[in-house]
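Novice: Quick one: structure below, then a few questions.
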Amino acid sequence: MLSSNAVEILKARYLKRNKAGEVSETPDELFRRVSRAVSRAEDKDAAVWEERFYRLMQQGVFLPNSPTLMNAGLAEGQLSACFVLPVEDTMQSIFETLTHTALIHQSGGGTGFNFTPLRPRGDRTGAGPGSASGPVAFMKVYDEATEQIKQGGRRRGANMGILNITHPDIRYFIECKSNPAALRNFNISVGITDIFMEAVDADTPWSLINPRDGRKWSEVPARELWEALCHQAWKTGDPGLLFLDTINKGNTLPDLGTLQATNPCGELPLFPYESCNLGSVNLSGMIKIRSDGKATPDWDRLGEVVPQALRFLDDVISVNRFMLPEIRTITQANRKVGLGVMGWAELLIGLGVPYASEEAVALGRKLMQFIQERSFEASEALCREREVFPNWRKSIYYPGRQMRNASCNSIAPTGIISVIAGTSYSIEPLYGLAFKRVGILGGTQQREINAIVQGVLEDHGLWTPEIRAHILEEGGVSGVAEIPAALRRVLATAHEIPWEYHLAHQQAFQEFTDNAVAKTVNLPRDIPEGEVASIYRKAWEMGLKGITVYRDSSRSDQVLQHCTSAAACEL
C-alpha cells in the first residue's frame, strides 16, 4: 500500500504522461511497464521474469534507481543513475564534457568529475598574455548549465566535483561553497591520499603541484589545509572527503587504471565514461516472527530477493539506451551494478535493537556479508546462462572466479525511492520520528510520522495523544519519561546517536560492499567544530572510502527538518 507521500511523488515525477501533459498511468502500471521493459533482456522465460520483477517492485521489496523507474519502456530509455565523465585541460574537452553532462542530466542521470587535470588560476594559457581561470570557475559554468536542465525534466541535476589535495587551487576549492547560493547543483569532495594524512600528523609542509607540467607551484602547511576543510565541513557540510588510496585498494579492475571520481553521492567510484545501475532491497520487510514470538531477520526471504534483484540490474545494462558510444563501450565491458539496501533503521526498530549498539553493528556486518555472498553467487550463476563481463580477464576475479559483473554492491542514499517504498533512508538512522520534507516537488512540503515507530508504541500501549504531540513537536522521545529507557534507546534519532556509531555502521557495511557506501554523519547544530576533524580522521583510520558530515541547519535549503510545533507537522 503506497503512502500519500509516495503517490504524490510518483504523480509529480515518475508516472507516464500523455501529449497533454496529464498523468496517464497508475503506480501499478508503472511497475508493470518497468518490469516488462527490463525482462526483454531475458532470452527465455521473459514472462516469468517480468512477473517476478513486477512483484519485487509492487510489494516494495526492491526498487531500482530513479531513471529506471522514469524511463524504462519509454522512448528515452536511459536507465542509469550514475556517471563519471573526464575533464581534461583543454577548452575543447571542458565544453565537450559539458555537452555530455547536459545530455545525461536531461535523461535523469547524475554526473561526477575530477577537475584536478585543469591548470590553476593565474597559470599561463599559451604564448599570449591570457591566464587560466582555474577549476572552480569552470565548475560554476557546469553549475549554471545544470540549473537550466532539470534531470529528465523532473528533478534538479546533481553533480560531484572533486579536486585532489595536491592541486594549487585546493584552498579556493575548499571554500567555494561558503556562499549558500554558490554551486547549488554540486556536492564537492577533496581527494585525499594517505601521504597527505601522514603529513597532517607530522605537521609538515605540503607541496601543491601544477598539473600542467608536474612542477611544484607552492607549499603550504598540511595541517592548515586540513583545518580549513574541516572548518568548512562544519560550517556548510562541504567538502566531503574521498580517500583515494582506499578506493583504489578496492578497485576490481586495476589494469584499467586508477579510480579518481565518483557519482554525485560518492557510493560509486567509476572510470571515465563509466555508468552504473543502482537498486535497493527494502530491509524493513525482512522480518519474521519465530514460534517463541521473537522478531528475527528473514534470511530465507532475503536470500530469495537478492539474486532476483541482481539479475534485474544486470538486465538493465542489456536493455539500456546509452547516451554516448564511450559510455556504452565501458559500461558493457565492465557491467557494474550496485545492489544495496534501504530500511536498515526500521529493521533494527522492528527487531528491538538500538542503532547505537554493538549488536546493531554486528548485525549490519552479518547482513551485508550475506547480501554480498548471495550477490556474487547470482553473478556467477548468470555466467552459466550468459557469459563473463568482457573485461573479466583484466579483473581481480580472473582466473579463479567467473563473474558477470565487475562489481555487485553499493549503498546509495535511496532518497526518493525510500519514500516510494515507505521506509527509512539507506543505512541511516531515522532523522526524526516525525519530520517534514521541504523544498521538493516544486517547493511543496511533505510531513511524515514513522509508521513502524507508531506501531511499536501502540504495541506497548504508549501511543497516547500526549506522546504523539510530543513526537510531532520534538521529533523524538528522548525526553518522555513514560517510555522505558530501553525503548527510548531503540527509538533514538540521528542527532542523538554518537558519531562513532554512524562510522561503525558505515564501516560494517563497507567491509562487504565492493563499490562504496554513501553515508552522512548527521550532527546536532551545537556540535563543537573540532569534532569534525575527529570524525574525518577516524573515517580514514577505519578504512572508509569516503566521508560526509552535515551539521543540522547549516544550510538554508535543508530538505529534512524538524517541526517547530505539533501543528507544523500535523498530517
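Novice: Given the chain, what percent of its DSSP beta bridges are antiparallel, to the nearest 5?
Specialist: If we restrict to bridges inside the chain, about 50 percent are antiparallel.
Novice: How do the peptides 6-13, 65-72 rank, highest first, by the average count of neighbouring beta carbon atoms within 10 Å per residue?
Specialist: Per-residue mean Cβ counts within 10 Å order the peptides as 65-72, 6-13.
Novice: Roughly how many nanometres apart are two label points built 7 Å out from the Cα toward the Cβ at Q59 and R215?
Specialist: Each label point lies 7 Å from its Cα, and together they span 6.6 nm.
Novice: Taking just the alpha-carbon atoms of the stretch 359-502, what radius of gyration and Dmax come out, in angstrom?
Specialist: My reading of the Cα-based Rg and Dmax gives 21.1, 63 Å.
Novice: About its Cα centre, what dipole magnitude does the stretch 55-170 give when the only charges are +1 on Lys and Arg Cβ and -1 on Asp and Glu Cβ, stated in debye to the nearest 20?
Specialist: Its charge dipole is roughly 360 debye.
Novice: Dividing the alpha-carbon Rg of the stretch 82-262 by 2.2 N^0.38 Å yields what?
Specialist: For the stretch 82-262, the normalised Cα radius of gyration comes out at 1.03.
Novice: Could you count how many Lys pairs in the stretch 82-262 have their Cα atoms under 30 Å apart, skipping same-chain pairs fewer than 8 positions apart?
Specialist: Lysine pair count for the stretch 82-262: 9.
Every read-out reported here was derived from the displayed coordinates using simple, explicitly stated rules and does not represent laboratory data. Keep in mind that this is a model prediction, so the values were computed, not measured. Positions of Cβ are generated from backbone atoms using ideal geometry, with glycine treated the same way; all protein chains shown enter the neighbour counts.
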